[in-house]
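Any read-out appearing in this document is the output of simple, stated calculations on the displayed coordinates, not a laboratory observation. Computed from a predicted structure; not experimentally measured. Glycine also receives a Cβ, built like all others from the backbone with ideal geometry; neighbour counts cover every protein chain displayed.
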Amino acid sequence: MGFLDNSGDIILDAVLTDLGRQKMARGNFSITKFAVGDDEIDYGLYNKNSPSGSAYYDLEILQTPVMEAFTQTNAGINYGLLTNTATDLLYLPTLRINTKGLNNTVRPPSTMRGLFFVASTAADTTNKLIAEGVTAANHTISNATTGPAILLEAGLDTTDINGTAANRTTYLLNTNLVDNYYFVYYDNRFISSILGPTPVSKFNNTVDENGTLELSPALHNSPRVSTDLQLENYSAARVRGIMDGIVYNESFGTVDTTLSIISGPRSTCTMLNVEINPNLSTEFSKFGSEDTALPGGLVGAKFDFLDTILYVQGANTGIQTQIPLRICKYKSG
Amino acid sequence: MAVVNYEPLGTADVTTTKTLLHESIPLTGTILSGTYGTLLSGDNIKNYTHGMFQSVYDYPYLSSSANHIFDLTVGFNASSPLSGTSGVTMESKKINMYNQFSQVLLGFTGSGNTIRDFELDTTLDQTGSMKESLFINFSRLLYKDEIKKGTVSLVLGTGSWADPFALTKTLSDASASATAGTANTMGGDYGVLYSAADDTARGVVFYQAGLIVLSTSSWDSIPLFNSGSDYGYTITDSLVSASISGSCDALRHRIKNISFNNTTEINSTIYFCRIPSNKYNYSSNPTYISSSQIVVKNVASDTPVSYVTTIGLYNGNNQLLATAKLSEPLRKDPNNEITLRVRLDY
């Protein structure tokens with residue numbers, strides 16, 4: 001994957017992907033649409049303060065070398081360009097995992113930052129994880145529909161705009177920047193389904209009009225959809241986005257940002273759990289570890305575990321984040 | 001990740017085209033004899049136990065780096081005076097080789113449905129027959145889809161055995177072109193190779209088959225076409241008494257240069273990807289925002305800007321079938337429209 005020669009005329013380097021060649025061999029190759037992407041661009045290089053004027057703001061970006069096209073489908077366009085008819089948007093939403101430690105949500109244990117644990121329903125796994133310091137607030141239980149769950153929030157994560165209901169309408173609803181659904185991409189060798197919110201799931205601080213949290217992760221299996229990440233062994237599920245009802249109100253006793261990971265107006269949130277593939281067996285030795293103590297564990301219990309990543313993407317805005325998961329099954333000790 | 005915004009491609013956005021690509025193929029005599037061994041043998045020359053032809057590689061053929069470049073063989077028609085001569089070495093195989101090329105390229109004719117003779121003209125009237133021939137059969141790696149008409153040139157040594165290139169004959173198909181000077185047979189188009197010095201036909205070239213058929217006439221006048229420590233043959237004697245590979249060795253010894261242009265036919269589909277002014281002005285690239293604010297803007301009224309580096313072509317199921325990369329980012333904002341012409345070659 002070399003860089004393309006950018007010393008002269010603009011050239012376009014096009015290749016068929018693996019899938020394209022496969023479709024061609026099978027006689028069902030039909031291109032019907034296109035999309036554009038900017039994966040190589042670091043917009044942080046856009047220098048709005050260039051002393052030479054606006055013509056020089058993007059000088060460094062325009063000099064970005066671009067790699068040759070390559071044939072893996074998953075590496076085509078990771079970050080697509082977006083269409084929004086409004087030209088006066090100043091803010092775009094972001095998707096973040098809520099790690100505020102709210103009841104019925106999970107966050108990574110302090111000894112293994114960044115890893116979200118999922119416990120197998122096998123005997124003693126939950127108890128042994130808790131004994132090892134992976135508390136009930138640090139792991140979900142496979143296929144549990146009442147929580148705890150991984151809570152993700154979308155919205156404008158800025159302190160410039162208060163997260164009021166009015167600002168939500170102005171900056172998100174009126175500009176079509178709300179995701180009512182999210183796509184969750186998961187490794188179907190390890191995970192058999194994704195659990196997402198039901199219509200009765202709730203996350204707000206307005207129920208008592210005093211800032212008290214109402215969080216109800218009622219989950220159910222979400223439908224599998226054909227939109228795929230085009231990563232080998234990955235499938236996609238479509239989960240509901242429910243209204244993120246955390247709002248800023250100066251009269252509330254609890255500040256909104258103690259409940260929400262988003263600092264400004266919130267759009268929707270989603271709650272996730274997974275159902276571990278019940279037939280997991282040799283996968284632990286092939287892709288993870290068997291009969292191994294957790295790093296930083298307290299009593300030396302041993303687990304079979306393997307690590308995988310969930311990719312979550314807003315269906316409307318394309319905002320995305322990754323959730324590193326560790327699937328654990330108690331083994332011995 | 002899956003892309004969120006797609007743009008449909010209508011029938012007006014897709015067209016097809018055909019392009020012919022030519023490469024110059026020069027083959028020097030040193031590769032044919034001498035570079036990879038002593039005269040008449042070499043690690044790049046492969047002979048077979050059946051003895052019906054000889055293969056020439058561009059490098060010692062036992063190496064995985066070697067490319068097969070052409071085969072050589074000789075033969076004569078069953079109606080040739082050489083046929084039936086007493087003591088003909090490998091007679092049936094020489095006739096078989098001639099017949100095989102002839103039946104594939106020229107076919108059968110007449111009330112007896114007999115195999116055609118190769119002819120030194122384009123009239124196919126059974127005059128000017130080459131009843132004894134030497135065949136140079138190029139690998140498709142070299143000639144690709146076909147040899148370009150009017151580009152074939154051979155320099156053949158007609159000097160003594162010891163110094164074959166003291167005298168040379170240059171054969172070319174200069175009279176052939178894409179529109180004239182060739183005949184069409186069941187084996188494709190062929191043109192005549194003329195000797196530049198005396199304007200005499202000395203062979204033919206089949207363009208689509210990648211085959212040169214040489215008559216023996218280039219060497220009729222020399223006493224030693226093929227020689228060794230205990231033998232010396234005219235070309236006719238060589239076709240009678242020498243094995244096929246022995247005559248092929250002698251032919252290699254007398255090839256100074258071969259050159260031609262090959263042709264690759266490229267069929268392309270061109271997709272005109274039109275990006276309108278009011279679309280694709282924002283990005284889902286994580287670096288596009290900082291604290292949720294678009295980094296290319298100071299205030300809301302600033303023009304949104306994005307940069308295009310990649311075009312993905314998808315089917316109806318959102319599956320990526322082809323990718324194209326621009327050599328440098330293109331700025332996209334509401335004040336411009338971009339049409340990108342993506343060409344896929346087959």
Going from the alpha-carbon gyration tensor of the stretch B:75-140, what semi-axes, largest first and in whole Å, does one get by taking the root of 5 times each eigenvalue? 19, 16, 11
Bin width 10 Å, alpha-carbon pairs only: give the P(r) of the protein assembly as shown as whole percents, running from 0 to the bin holding the largest distance. 3, 12, 16, 15, 12, 10, 10, 10, 8, 4, 1, 0
Along the charge dipole of the stretch A:94-332, which of A:T94, A:N205, A:N249 sits closest to the positive end, that is, farthest toward it, with unit charges on the beta carbon of Lys, Arg, Asp and Glu (+1, +1, -1, -1)? A:T94
Residues B:E119, A:E250, B:E265 in order from fewest to most other beta-carbon atoms within 10 Å are A:E250, B:E265, B:E119
Output the relative contact order of chain A, whole-number percent, from Cα pairs under 8 angstrom with separation of 6+ residues. 20 percent
Distance (nanometres) between label positions extended 7 Å along Cα→Cβ at A:N174 and B:S86: 11.3 nm
Gap separating the Cα centres of the stretch A:168-244 and the stretch B:39-97, nearest whole Å: 73 Å
Take the alpha carbon atoms of the stretch B:1-110, find their radius of gyration, then divide it by 2.2 N^0.38 Å using N residues; give the quotient. 1.85
Projected onto the charge dipole of the protein assembly as shown (+1 at Lys/Arg Cβ, -1 at Asp/Glu Cβ, origin at the Cα centre), which of A:T145, B:Q208, A:G114 gives the Cα projection farthest towards the positive end? A:T145
Assigning unit charges at the beta carbon (Lys, Arg +1; Asp, Glu -1) and nothing else, what dipole magnitude in debye, to the nearest 20, does the stretch A:2-75 show about its Cα centre? 500 debye
Cut-off under 5 Å, modelled amide H: who pairs with A:N249 long-range: A:D256
Could you pull the Cα extents of chain A along its three principal axes, largest to smallest, in whole Å? 66, 59, 39
Debye intensity ratio in log₁₀ form over the Cα atoms of the stretch A:1-149, taken at each q of 0.10 Å⁻¹: -0.74
Length-normalised contact order for the stretch B:256-346 - Cα pairs under 8 Å, 6+ apart - percent: 42 percent
Simple label model, 7 Å out from Cα along Cβ direction - A:T257 to A:I11, nm: 5.1 nm
By counting other Cβ atoms within 10 Å of each Cβ, how are B:T17, B:T287, B:T216 ranked from fewest to most? B:T17, B:T287, B:T216
If the only charges are +1 at each Lys and Arg Cβ and -1 at each Asp and Glu Cβ, what is the size of the charge dipole of chain A around the Cα centre, to the nearest 20 debye? 1060 debye
In whole Hz and in residue order, list the ³J(HN,Hα) couplings for the stretch B:117-123 that follow from phi through the Karplus curve 6.51 cos²θ - 1.76 cosθ + 1.60, θ = phi - 60°; x for Gly and Pro. 8, 5, 10, 8, 8, 10, 9
Plugging the Cβ-Cβ distance of B:A174 and B:S268 into 1/(1 + (r/R0)^6) at R0 = 30 Å yields, to the nearest 0.05, a FRET efficiency of 0.45
Volume in Å³ per residue [convex hull over Cα atoms, computed for the stretch B:19-265]: 127 Å³
Quick one: helix B:244-253 against the long Cα principal axis of chain B, what's the angle to the nearest 10°, folded into 0 to 90? 70 degrees
Could you give the dipole magnitude of the protein assembly as shown about its Cα centre, charging the beta-carbon of Lys and Arg +1 and that of Asp and Glu -1, in debye to the nearest 20? 1060 debye
Can you list the residues, at least 5 places off or on another chain, whose amide H is less than 5 Å from the amide H of A:T99, using H built in the peptide plane? none
With a point put 7 Å past each Cα toward its Cβ, work out how far A:L45 is from A:L62 in nm, to one decimal. 1.3 nm
Largest first and in whole Å, give the semi-axes of the stretch B:102-151's equivalent ellipsoid, each being the square root of 5 times a Cα gyration tensor eigenvalue. 25, 13, 11
Below 25 Å, Cα to Cα, which lysines can A:K202 reach? Residues fewer than 8 away in the same chain don't count. A:K100
Between the helical axis of B:91-105 and the dominant principal axis of chain B, each derived from Cα atoms, what acute angle in degrees is found, rounded to the nearest 10? 40 degrees
Using only alpha carbon pairs under 8 Å that are at least six residues apart, calculate the relative contact order of the stretch A:2-75 and give it in whole percent. 50 percent
Contour minus Cα-Cα span, A:I309 to A:K286, at 0.36 nm per residue, comes to 6.6 nm
For the stretch B:160-269, projected area of the alpha-carbon convex hull averaged over all directions, nm²: 9.1 nm²
